[in-house]
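Novice: Please see the structure below; I have some questions.
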Amino acid sequence: MKNKDVNSSLEFYVCEEFAMLPIVLYVVLSAVIMIFFHYYSMKALIVAAVISIFIGFLICKTKSEYWNSIVRGLAKYSNARLILIFMVIGIFSNLLVTGKIGAGFIWLSLHLGIKGGGFVVFCFIVSSIISMGAGAPIAALLAVVPIFYPAGVLLGANPAVLTGAMMSGIFFGDALSPSSQVIHTTIMSQHDPVTGESAKLIETMKERLVYIIIAGVLSAVMFYITGGGGNSGNISELVNMSDIRGLWMLLPIVVLLIICFKTSDLFVGVSFGILTGLIVGICTGLFEISDIVNINSSIPQLSGILSDGLSSVIDIIVSTILLYGLISIAVEGKMMDKCCDYILSRKFVKSAKGAETVIAVGVGVVNILLAGCVLPSILMFKDVADTIGQKAGIPASRRSILLTAMSTNITAIIPINSAFVMGAMTVINQLSAKSSYLPITTPIKIFVSSYYCLILTVICILWVGFGFGRKIINKKNTISV
């Protein structure tokens, strides 16, 4: 928890507890912007972070050291690595969209004769596949809604359940993906109590696989039962939206997943995935070289898969950089240690069950306050979870599972302020404005129809409450509890 690279600490006016003020302001301002002004965007988090950092500067005594602390937050290897992950995943996600992978799946659904509840299940599965390649839930959601919402409505799917299936699919696929930004961020932040090493990717994924599969299967059954009942539309419109060639884009996803599973190296997997996708896209005519990089000197404008992919993740990169700074301020102001010491002094937290409960509730509350923005929530709470977990002897892999599960269940889809729900609603409203036959659903209906998130919440409660698979670690050996 403590910054071993820095001997100095930040000093604040009035009391040292003010080291937490920037983070508290960040949470409050983010919630105010999203709840009261109904502005659902990563830009809201950026503005909240900038304001909070400057207010923190005013109340800090050691002002020059204040900015050095912010820079040190970004300079950490794990933090800088995540920024680069965002960049390569942004390019890969844009490659899939440009390669018409959604149009390929629409063609497949038409030729398999899938409709109603069957199409909703199909959409859940396909959204999962796309999310596995996209590496980020929000990127996958924005990619699948414009493709499958019109198609599902035309095939007689219930609009709310259809949207809930896409919402569930992107989280389910991300949980299964070795290229997920969420899992990579989490495992790198949680360390073994004895060796100090980060959690292992494959070990963590294997440990949680059975619970994820259970949630996915139960969700698929629910989507099939409740997904029909809509009014079918003009199939000719679907034919225009389909393109069999888009199925070729499954190849780069397969390459990415195989390499990531074999090497546990996201960068290697994504790099080969991008190269494979570019070759496949050009050879199959899905796009041309000008779609990769296109320079229009008359405007001037730079576009294409590479630049557009990078542009798509600029907001999340800036937001993450600023959040690193806020976390570093709290750490070097010694307030993160104080918070952890206070929590650990409580009798309830001395047990593994109590520590897990605190971690689960803590990251869940932070995630709700940050509008369900998974990565910022994990980044804010990861150090607290690491300290509490190590002192309680909870394995790094189990902590990683708990953090990712609690930030991707119902805490990510609270209807009044979720960036995911509101993001989907924004896209649906835009689609409805262009096509009058498309109905508009509501945030509440989407929430109650996101079965995977609801079921995962129940699993989390049972997992912590009954201690399934729980072990504690001490310096001598590992003891099952």
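Novice: For Ile401, are the conditions met, namely being within 27 Å of Leu209 (Cβ to Cβ), aliphatic (A, V, I, L, M) and surrounded by fewer than 21 Cβ atoms within 10 Å (Cβ to Cβ)?
Specialist: It is false that Ile401 is within 27 Å of Leu209 (Cβ to Cβ), aliphatic (A, V, I, L, M) and surrounded by fewer than 21 Cβ atoms within 10 Å (Cβ to Cβ).
Novice: Filter the range 259-288 down to residues that are in a loop (DSSP other than H, G, I, E, B), within 15 Å of Ile183 (Cα to Cα) and in contact with a helix residue (DSSP H, G or I) (Cβ under 6 Å, 6 or more places away or on another chain), then give me how many there are.
Specialist: Qualifying residue count for the region: 1.
Novice: Would you mind stating whether Ser436 is farther than 20 Å from Met42 by Cβ and either buried (at least 22 other Cβ atoms within 10 Å of the Cβ) or without any contact (Cβ under 8 Å) to a residue 12 or more places away in the chain (or both)?
Specialist: When the stated conditions are applied, Ser436 passes them.
Novice: Can you tell me which of Ser311, Ser236, Ser271 is small (Gly, Ala, Ser) and either within 30 Å of Leu112 (Cα to Cα) or touching a Pro at 6+ places or on another chain (Cβ under 7 Å) (or both)?
Specialist: After ruling out the rest, the residue left standing is Ser236.
Novice: Name, by its number, the condition in (1) more than 30 Å from Trp67 (Cβ to Cβ); (2) surrounded by fewer than 22 Cβ atoms within 10 Å (Cβ to Cβ); (3) free of Cβ contacts under 8 Å to residues at least 60 places away in the same chain; (4) of a type in the set (A, V, I, L, M) that does not hold for Ala352.
Specialist: (3)
Novice: If you go through the range 428-436 one residue at a time, do you hit one that is touching a helix residue (DSSP H, G or I) at 6+ places or on another chain (Cβ under 7 Å) and at pLDDT below 85?
Specialist: Yes.
Novice: Residues Ile410, Ile321: which one is under 30 Å from Val293 (Cβ atoms), modelled with pLDDT of 85 or more, surrounded by fewer than 24 Cβ atoms within 10 Å (Cβ to Cβ) and in contact with a helix residue (DSSP H, G or I) (Cβ under 8 Å, 6 or more places away or on another chain)?
Specialist: None of the other options fit; the residue is Ile321.
Novice: Which of the residues belonging to the range 92-114 are surrounded by fewer than 21 Cβ atoms within 10 Å (Cβ to Cβ) and in contact with a strand residue (DSSP E or B) (Cβ under 8 Å, 6 or more places away or on another chain)?
Specialist: Once the filter is applied, which keeps residues that are surrounded by fewer than 21 Cβ atoms within 10 Å (Cβ to Cβ) and in contact with a strand residue (DSSP E or B) (Cβ under 8 Å, 6 or more places away or on another chain), the range 92-114 yields only Ile114.
Novice: Ok, one more. Taking Met188 as the residue in question, decide whether it is surrounded by fewer than 23 Cβ atoms within 10 Å (Cβ to Cβ), assigned to a helix (DSSP H, G or I) and either on the phi > 0 side of the Ramachandran plot or touching a Leu at 6+ places or on another chain (Cβ under 8 Å) (or both).
Specialist: yes
Novice: Now for a separate question. Would you say Ser236 is out of contact with any Cys (no Cβ under 6 Å at 6 or more places or on another chain), in contact (Cβ under 8 Å) with a residue 12 or more places away in the chain and of a type in the set (Gly, Ala, Ser)?
Specialist: Criteria not met by Ser236.
Novice: For Ser219, indicate whether it is closer than 23 Å to Val153 by Cα and assigned to a helix (DSSP H, G or I).
Specialist: Here the answer is yes, as Ser219 does meet what is asked.
Novice: Quick check: anything in the range 222-237 out of contact with any helix residue (DSSP H, G or I) (no Cβ under 6 Å at 6 or more places or on another chain), β-branched (Val, Ile, Thr), surrounded by fewer than 20 Cβ atoms within 10 Å (Cβ to Cβ) and modelled with pLDDT under 80?
Specialist: yes
Novice: If you don't mind, another one. Quick one: Gly309 ticks every box in (1) assigned to a helix (DSSP H, G or I); (2) modelled with pLDDT under 85 bar one, so which box is it?
Specialist: Result: Gly309 passes all but (2).
Novice: Can you find a residue in the range 117-125 that is at pLDDT 85 or above and surrounded by fewer than 20 Cβ atoms within 10 Å (Cβ to Cβ)?
Specialist: Yes, that holds for at least one residue.
Novice: What pairs come up if the first residue lies in the range 84-104 and is hydroxyl-bearing (Ser, Thr, Tyr), the second is part of a helix (DSSP H, G or I), and their beta carbons are under 7 Å apart, counting only those six or more places apart or on different chains?
Specialist: Listed pairs, sorted by first residue: Ser93/Ala134; Ser93/Ala139; Ser93/Ala143; Ser93/Gly309; Thr98/Asp291; Thr98/Ile305.
Novice: Farther than 30 Å from Leu84 by Cβ, over 19 Å from the mean Cα position of the chain (by Cα) and surrounded by fewer than 18 Cβ atoms within 10 Å (Cβ to Cβ) - does that describe any residue in the range 261-278?
Specialist: Within the range 261-278, not a single residue is farther than 30 Å from Leu84 by Cβ, over 19 Å from the mean Cα position of the chain (by Cα) and surrounded by fewer than 18 Cβ atoms within 10 Å (Cβ to Cβ).
Novice: Something else about it: Please count how many residues of the range 149-160 are part of a helix (DSSP H, G or I) and either among the aliphatic types (A, V, I, L, M) or at pLDDT below 85 (or both).
Specialist: Residues in the range 149-160 being part of a helix (DSSP H, G or I) and either among the aliphatic types (A, V, I, L, M) or at pLDDT below 85 (or both): 4 in total.
Novice: OK, next. As an exercise: evaluate Tyr211 against (1) more than 21 Å from the chain's Cα centre (by Cα); (2) over 26 Å from Leu96 (Cβ atoms) and give the number of the one condition it does not meet.
Specialist: Result: Tyr211 passes all but (1).
Novice: Can I ask one more? Can you pull out every residue in the range 191-215 that is surrounded by 18 or more Cβ atoms within 10 Å (Cβ to Cβ) and within 16 Å of Trp463 (Cβ to Cβ)?
Specialist: Scanning the range 191-215 gives Thr204, Met205, Arg208, Tyr211, Ile212, Ala215.
Novice: Here's another thing I want to ask about it. Would you be able to say whether some residue in the range 161-184 is outside any helix (DSSP H, G or I), touching a helix residue (DSSP H, G or I) at 6+ places or on another chain (Cβ under 8 Å) and closer than 19 Å to Val363 by Cα?
Specialist: Checked the range 161-184: at least one residue is outside any helix (DSSP H, G or I), touching a helix residue (DSSP H, G or I) at 6+ places or on another chain (Cβ under 8 Å) and closer than 19 Å to Val363 by Cα.
A quick yes/no check of all residues on (1) surrounded by fewer than 21 Cβ atoms within 10 Å (Cβ to Cβ); (2) under 30 Å from Ala75 (Cβ atoms):
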| site | (1), (2) |
| --- | --- |
| Trp248 | yes, no |
| Ile258 | yes, no |
| Leu286 | no, no |
| Asn296 | yes, no |
| Ser311 | yes, yes |
| Ile316 | no, yes |
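Novice: Restricting attention to the range 52-87, and to residues there that are among the aliphatic types (A, V, I, L, M) and over 23 Å from Lys382 (Cα atoms), which single residue is surrounded by the fewest Cβ atoms within 10 Å (Cβ to Cβ)?
Specialist: Leu58
The values are calculated or read from the model by the stated rules, or taken from the named source; none is laboratory data. Quick caveat, the model's predicted, so the values are computed rather than measured. Here Cβ is always computed from backbone atoms with ideal geometry, including for glycine, and neighbour counts include all displayed protein chains.
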